[in-house]
Amino acid sequence: MPLAWLALGVVLGLFLGSVWAVPGLALLLLLAAVGGAWVLARSGGLRVGLPLLVVAGVLLGVLRGGPGLLEPTALDLLPRFHGQEVELRGTVNGVAELVGTQVRFRLEAEAVRGDGTWRPATGAVQVWADASIQPADDRSHPFIAHGDLVTLRGLLDAPPSIGAFDYREHLAARGIGSQLSRASVTGVEPASGGGVLGAVHAARTRASEAIERHVAEPQAALTRALLLGLRGSVPPSVASDFRDAGMAHLLAVSGLHVGVLLGLSLLASASLLGRRRGLYLAVPIVVLWVYIALAGAPPSAVRAGAMGSAYLLALATGRLTAPLNALGLAALVLLAWSPAALWDRSFQLSFTAMLGVIVMGLPLARWAQGNLPSVGRGEAGMRALSLRGARSVAAALLVSAGAVTGSLPLVALNFHQVPLLGIPATLIALPLLPLLLVAGVLTAALGVVAPPLADAAGLVVAGAGGLVLLDAAVVSRIPGGVAQVDFVTAPWAWAAYAAMFAVLALLHRGRWAGAARGLATALWRGPRRRADAWGLVALIAVLAGTLWLAAAGRPDGLLHVSFLDVGQGDATLIITPDGASVLIDGGGDPRVAIPLIDAALPPGRQRIDVAFLTHPHRDHMDGLLELARRGRIGRLVVPPVLPGEDDGWRRELDALGVSVHEGVEGMVVEFTDGVTVEVLNPPSPPLVGTASDVDNNGLVLRVRLGEAALLFTGDLFEGGERLMLERGADVGAAVLKLGHHGSETSTGAAFLEAVAPSIAVVSAGAENTLGHPSALVIERVGGYAGEGRIFETARQGTIEVTTDGSTWWVATERD
């Protein structure tokens, strides 16, 4: 199972890299230690390939991940308008479904207007709109389709939490950070074409309409939820029964559904077609992806589909005889594509459900098939029919039990509930799932070409759906069906999985017991030769050095802000409490700026997670551009390109493939450790006709942690400061980096009064010919910062300001 061990190492490495900036030298030393351990083990006759694979996976995980892996969580203008009535324009993504008297759909925002001016905006929004929408000639209600450009008016806000259910986290896992409620649709521009996704969502809409015509309620609503992922029409009483029975998870298409469907379709296909040819594997893979497409391809189902496909591929090629290898391969691919998925609850539930099917469900089902009475060749009649039915039911129950057992510890951890009666109720319902889904697909397809036959298929849907509904209704009325497990924490969940692993290891002890005894004996005896003893001493010394270096790179939980001494220019490096790196401007000469940036970064870190270019003047931009050329910038926020401005810098960034975001007033960049970077300037549309449009449309940034705030104004002129105050910007900050290197053009008296800084920093070159900083400005700032609280890079070198969110510490390179 080499890929399974490698995947385990990658998972451990991603966890390690997310909280610990392990230096590159420490990784090299660890690699040397692993090599030494392998040599010593081989000289002692031990085979240590699998542990080395785990270590290799850890190294890969650390290198792929690292601090800031999950962040920034937002580069979005929309949060600025939360709590306000706004107009919103964007594109419909998916199927719009009727929920009571409202229409619910996902909108990919393109522009927002809250104060009379349309501003470009990006981000996904969950929309709840009034169902009275202007009819379209060639469409049925709600007259909105995937790809339409719609304009709405409503209340924009953050999604709320609903009781114990964290609705906000649920939507965030799908990339949705805002909700528009009490909305009315004021304009619809129908999509032209729509491509493959448009065709898929159109097919989902037609299937929903066919099921509505040929299946009675509430079975029709249940089928749309389980087959198409459209839960809007599920009656409140049915939803209540499923919730009280501990079966609410069945109404949301997830990895559990995909895992059960994979297991049952594989067993059925093998039974009908035989295992001699690989043809029997084609049926489940087609069933799998047709179902995922019809369900709207929710992320959890797609991930489970990828894992299931890897397992089927392993069976088809015969290369990966151990099923865990296939699951390990799928996990490696998914985590290599998106390491942050490891922290996604839907990914965890999908993975564990699929793991339960492959490791427990399918082996138990095969065991049952081999031990239950079989049907003789040519045997017919009621006995044969009963035996086949019993074998099918047993297999279905065991596959379902594997999926439920695999995900149960995570369900208890995330929802703090264990459905005591819901587990057997789910085991009863899940085997009916394939019948319900297949009959639902037939009903939808026949509804187009042969409506009478669709009515017949609809009877099967009604029967299977009725049994599932009866199951939920009966169980929901039995008291004590759900146990509260508020005490379950992450260690409890890990302990549960460790216990499962121990049981499986005990059942397969013949595979590893001999090697374990050999390793224990060798460790007990110790090295037999002097050379091996010295090698062991060297190995321990290298491991100690590894741990020491790794400890040196661990974040200390404070916000570090380094104003770098780049001469006549600006460059500020910020390290957040969790170790993410933020760069504001990059100085002029890269030969000066980049070594200073590298020296201020944590050991072993070279990549900048987020960079901000306040404005495209060379004393702020050249070092940053060089970092972009070297591929060292994750995301870059820049000001808008003004008419008539030389945009060569922007074209180069686009050519380099840098992830560039245009900064505008209201954008907020958030980090999970509590740090936020708010863009206060420029407005949209940009200012025109000022003393310096490039400077006055530069980014003004306010960085916050708790009660502590720092303000960066770039080269903003006094006129730009005044206009920003007139727009009502909150500029209060304890630390102010003086605008335009302390020039007389900036840091006006009114602006200073609004900021009220207690610490001021000037970034300017020693003995520069421009007279920066101005003595008048320094005197003006002294009225707020006081004696000894104004710091200049020209005099004191690099200046580091540190805070825990309330208290400030300042350290300078030179006294």
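The values are calculated or read from the model by the stated rules, or taken from the named source; none is laboratory data. As the structure is a computational prediction, the values presented were derived from the model and not from experiment. Heads up, the Cβs are rebuilt from the backbone with ideal geometry, glycines too, and the neighbour counts pull from every protein chain shown. Surface areas here come from the heavy atoms of the whole protein model, side chains and all, with no ligands, DNA or RNA. Shrake-Rupley method; radii C 1.70, N 1.55, O 1.52, S 1.80 Å.
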Task: Spacing of the two label points (7 Å from each Cα toward its C-beta) at Leu558 and Leu725, in nm - done: 3.3 nm
Task: Low-density loop cleavage sites - trypsin sites (Lys or Arg not before Pro) in the stretch 229-300, where at most 10 other Cβ are within 10 Å (DSSP) - done: Arg276, Arg277
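Can you compute the FRET efficiency between Arg168 and Ser374 using 1/(1 + (r/R0)^6), with r the Cβ-Cβ distance and R0 = 45 Å? Round to the nearest 0.05. Before the final figure, lay out each step's value.
Values: r = 53 Å, r/R0 = 1.17.
Working from the Cβ atoms, E equals 0.30.
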- [ ] Starting from the amide H of Asp148, placed 1.01 Å from N in the peptide plane, find each other amide H under 5 Å away whose residue is 5 or more places distant or on another chain.
- [x] Val92, Ala191
- [ ] Would you mind checking which residues have amide H under 5 Å from Val700's amide H? H placed 1.01 Å from N; only 5 or more apart, or other chain.
- [x] Leu680, Asn681
Task: Ranking by accessible area, most exposed first, for His249, His560 with a 1.4 Å probe - done: His249, His560
Task: Exposure of Trp128 as accessible area (Å², to 10), given a probe of 1.4 Å and all protein chains - done: 40 Å²
Open item on the list: Using the Karplus curve 6.51 cos²θ - 1.76 cosθ + 1.60 with θ = phi - 60°, what ³J(HN,Hα) values do you get for each residue of the stretch 586-598, in whole Hz, with x for Gly and Pro?
Closed with: x, x, x, 6, x, 5, 8, 6, 5, x, 5, 5, 5
Open item on the list: Quick query: amide H of Ala483 versus all other amide H atoms, modeled in the peptide plane; which residues come in under 5 Å with a sequence gap of 5 or more or a different chain?
Closed with: Val418, Leu420
Task: Stretch gain in nm, segment Val449-Ala599, where the contour uses 0.36 nm per residue and the Cα spacing is subtracted - done: 47.0 nm
Task: Extension gain, Ala505 back to Gln84 (0.36 nm per residue minus Cα-Cα distance, nm) - done: 145.9 nm
